[in-house]
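All remarks here apply to the structure that follows.
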Amino acid sequence: MKWLILFGLFAAAGWLWSHAVSAGELPQVGTAAPDFSLMDQDGKPHQLKDFAGKWLVLYFYPKDDTPGCTQEACAFRDDLSRLTQLGAQVVGVSVDDGASHAEFARKYHLPFPLLADQSAAVAARYGALTDLVVFKFARRYTFLIDPQGRIAKVYQKVETSKHSTEIIKDLQQLTVRGQE
């Protein structure tokens, strides 16, 4: 009987996962980054146009204060001065609310905005939304947006411990190419 129940649970989970809806298409390199207007953990509004003239590391993550998301956020925190020297700003986005973001940022001393996309509309516009009928979450995708507001690079396979250094290397190459 236990095996039957266990099989039923796995079958239900598999069905749910296979029917998960990924909303929106991934923006392609060279296209204009989808606009956004969201509040950060301090209640301050942020729009894409606020970052005009700078590189923007816009990273989507599933959930505040989970192991992978914490590792990724802390790596960005630790590498922020190198990213800033390359002319980049870092912004995190998830479907968690502002209070959750505020606690997460405070707990790990995150010095960059965490945007609350509670409607999941921005994650959907960036093709980073997974909708499992019962709940929604942002996939761990990152978009490197150039100073003109175009998608310069899309990261769909993110290794949380090495992601910020990967972006630093790409920014170094992209900024050198831009100066030629």
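Bear in mind these aren't lab numbers, they're just calculated from the coordinates by the rules spelled out. Keep in mind it's a predicted model, so treat the numbers as computed, not measured. We place every Cβ from the backbone using ideal geometry, glycine too, and count neighbours over all the protein chains shown.
Annotation: extensible slack from Thr66 through Ser81 equals 3.0 nm (criterion: 0.36 nm per residue apart, minus Cα-Cα distance). Placing R0 at 30 angstrom, the Cβ-Cβ distance between Lys169 and Arg106 gives a FRET efficiency of 0.50 after rounding to 0.05.
Taking a straight Cα-Cα cut-off under 30 Å and skipping sequence neighbours fewer than 8 places away in the same chain, the lysines within cross-link reach of Lys162 are Lys44, Lys49, Lys54, Lys63, Lys107, Lys136, Lys153.
Going by the alpha-carbon gyration tensor, a ≥ b ≥ c the square roots of its eigenvalues, is segment 139-179 rounded (a/c under 1.5) or, if a/c is not under 1.5, prolate (a/b greater than b/c) versus oblate? All intermediate terms of the calculation are to be shown ahead of the outcome.
Values: a/c = 3.32, a/b = 1.46, b/c = 2.28.
Oblate, since a/c reaches 1.5 and b/c is not below a/b.
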